[in-house]
Amino acid sequence: MSNSQLAFPDLAVQGFRRFRDLKISELGRVTLITGKNNTGKSSILEALRIGARKAEPAAVFDILGTRAGYRRGSKEDAHSLDFDGDFLFSDLFHGFPTLDDEFGPIVIKTSNPKDPMELSMHVEWMAFTEDSQSTMEFVDRNRVVREEIPGGPVLVARTKTDKFVVRLGNLHSFRNHMPRPDSNRMTCKFVKANGASESLGRMWDRAVLRDEEEEVVRALRVIEPNIAAVRMLGGDDRYRPAKTPYIRVEGLSRYVSILSSGDGLNRMFTLILALLDARGGLLLIDEFENGLHYTVQREAWRIIFQLAECHNIQIVATTHSWDAVAAFQAAAAETPEVGVLLRLTRKGSDVIPTVFTEEDLQVITKRRIEVR
Amino acid sequence: MTGNKVLLVEGLDDKRVMDRICQVHEVPCPSLEYLGSDTELLKVFSTRLKVLGKEDAEDVLGVVIDADTSVPSRWQSLRDRLGNAGFLDVPDQPEPDGTIVFPATEELLPKVGIWIMPNNQDSGKLEDFLAFLVPDSDSHWQHAESCVDSLDQPPFRTVDRSKAVIHTWLAWQADPGLPFGTAIQSQFLDPDAPHARRLVHWLRELFG
């Protein structure tokens, strides 16, 4: 099956994090990204997230927060500058520029024939006029003007049809200063290396409302074949801990916390809820193998490929592990959906992508060629 | 010298011949992989081009493949794969003494060597190369050829004639029916023949 009906059949990223000018010629229905530390595996997930969500402030804030680039609640927030005088978006842009530097925009695009997405982001200075804070104008981003006119840096994101302006100081309140139709933003769910990017309780509630508890139990049985049922318990009032997952095993008369059953069940629970939530959209998984023993990874990929096809989800995951690559290849070979392995390699300050197609994956697995 | 040195060959016979020639001439031995067919070799060649050269600039990938019926079409299939991998300026034709191509300095690619059996110029295969190693002084080769050619309705395909001849000829040696590698080691096939020296020179340039 070709990948042309995917939201992101390919990806180009410029000026973002360590990517000066990265072009990935092909992404699959399911893509696994591998590469050594500091090759930018997670940054590709971030670029996809920003692209899919059209620079939605909540997503940008979450990305900055994850990398500790944004110290929420610190007094520097008000000035959108941290204590070194760097502006808060500095580490999103290639080369960690300061506001005084000339630097190019972040560009994230894909050549989807139906919806050729292109998003660009750059920083401008937004000045307030004296009479009213509600009037604003963009002025040249240079030091002289900055010192004369009160205001602050803003992130300006443009797509072909929209322009969004985000004040850095307001980022945490997710406010925008321009209308933005949410319908243009595709569903994008993100599973972090250490868990979901939103509350499991909310994700579970949505699964229950869609009557998908049985799907969840089926996925958990990959890890623990004797699971009979799963529930989320707790969180009724502020004196009780938040909702956490509980499982009941065949032959036992009571539920026990999923956390007492090892990392695998918890990881699988997060993955399946995110998958079921991501229908019609994009699912990003950082460090896929976390908590999953290599013996269950193949079955986990199988479920991922199945649900990706069934619910029209495009999935991009990262891994450090050769076992995950081998399991991925085996699952990819079983389905007509396109599985792509993407390896990132550093060359000096640049990152070079290598796309391994399914044919390559067969060779790699058969010949035990390592591409970690 | 560091780096991964990989030499892809079609069949087990190719592997044994290359192994023996490296050994006799003390060429630093690459890791030899035989793939079973030319189709599989070309697949693995494409994938290896993506894997090698990424972590180590001294990685080397060699290929020994039969021309079969046409050197130009064999060359084209290899050349296309080099182009897809990012090699620029790949020559239009293979070098008569074996081709070696270097990646542009900014590319993360291995150094690549290609030898098309028998001699990068003629159609044919490993067995045609081995025929070049038959000593000039030999008195039975022509007879072996005419024996094979005189068969009424030979069961083998025309393209396999050189195979039939060399096996016939090997059956008549002092130690009859030695496999190719051993025949080279025992000097029935001359590892110092000019064609063998050309191959050895290519191997040294590539892996040495």
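Within segment B:33-60, being open to solvent by 20 Å² or more (accessible area, probe 1.4 Å) and under 16 Å from the mean Cα position of the chain (by Cα) holds for B:33, B:34, B:36, B:37, B:38, B:39, B:40. Filtered by the rule that a residue be open to solvent by less than 10 Å² (accessible area, probe 1.4 Å), in a loop (DSSP other than H, G, I, E, B) and more than 14 Å from residue A:351 (Cα to Cα), segment A:30-60 gives a lone residue, A:55. Take the residues of segment A:352-369 that are part of a strand (DSSP E or B) and more than 7 Å from chain B (Cβ to nearest Cβ): which is surrounded by the fewest Cβ atoms within 10 Å (Cβ to Cβ)? In this case the residue turns out to be A:355. Applying the condition of being within 11 Å of chain A (Cβ to nearest Cβ) and free of Cβ contacts under 8 Å to residues at least 24 places away in the same chain to segment B:35-69 and asking which residue is farthest from residue B:119 (Cα to Cα) yields B:55.
Just one of (1) at positive phi; (2) buried (at least 19 other Cβ atoms within 10 Å of the Cβ) fails for residue A:312. It is (2). Looking across segment A:249-267, the residues that are among the hydrophobic types (A, V, I, L, M, F, W, C) and either over 23 Å from residue A:297 (Cα atoms) or touching a residue at least 24 places away in the same chain (Cβ under 8 Å) (or both) come down to A:249, A:252, A:256, A:258, A:265.
Screening residue A:315 with (1) touching a strand residue (DSSP E or B) at 6+ places or on another chain (Cβ under 7 Å); (2) closer than 22 Å to residue A:370 by Cβ gives one miss only, at (2). Exactly one condition in (1) touching a helix residue (DSSP H, G or I) at 6+ places or on another chain (Cβ under 8 Å); (2) open to solvent by 60 Å² or more (accessible area, probe 1.4 Å) is false for residue B:107; which is it? (1) is the only condition that residue B:107 fails.
Restricting B:17, B:63, B:6 to residues that are in contact with a Pro (Cβ under 7 Å, 6 or more places away or on another chain) and either surrounded by 16 or more Cβ atoms within 10 Å (Cβ to Cβ) or assigned to a strand (DSSP E or B) (or both) narrows the list to B:6. If you go through segment A:249-278 and keep only what is of a type outside the set (A, V, I, L, M), more than 26 Å from residue A:43 (Cβ to Cβ) and open to solvent by 70 Å² or more (accessible area, probe 1.4 Å), you end up with A:250, A:251, A:253, A:254, A:260.
The values are calculated or read from the model by the stated rules, or taken from the named source; none is laboratory data. For clarity, every value in this text was computed on a predicted model and none was experimentally measured. Ideal geometry is used to build each Cβ from the backbone, glycine not excepted, and the neighbour counts take in all protein chains shown. With ligands, DNA and RNA removed, areas are computed over all heavy atoms of the protein, side chains included. Shrake-Rupley method; radii C 1.70, N 1.55, O 1.52, S 1.80 Å.
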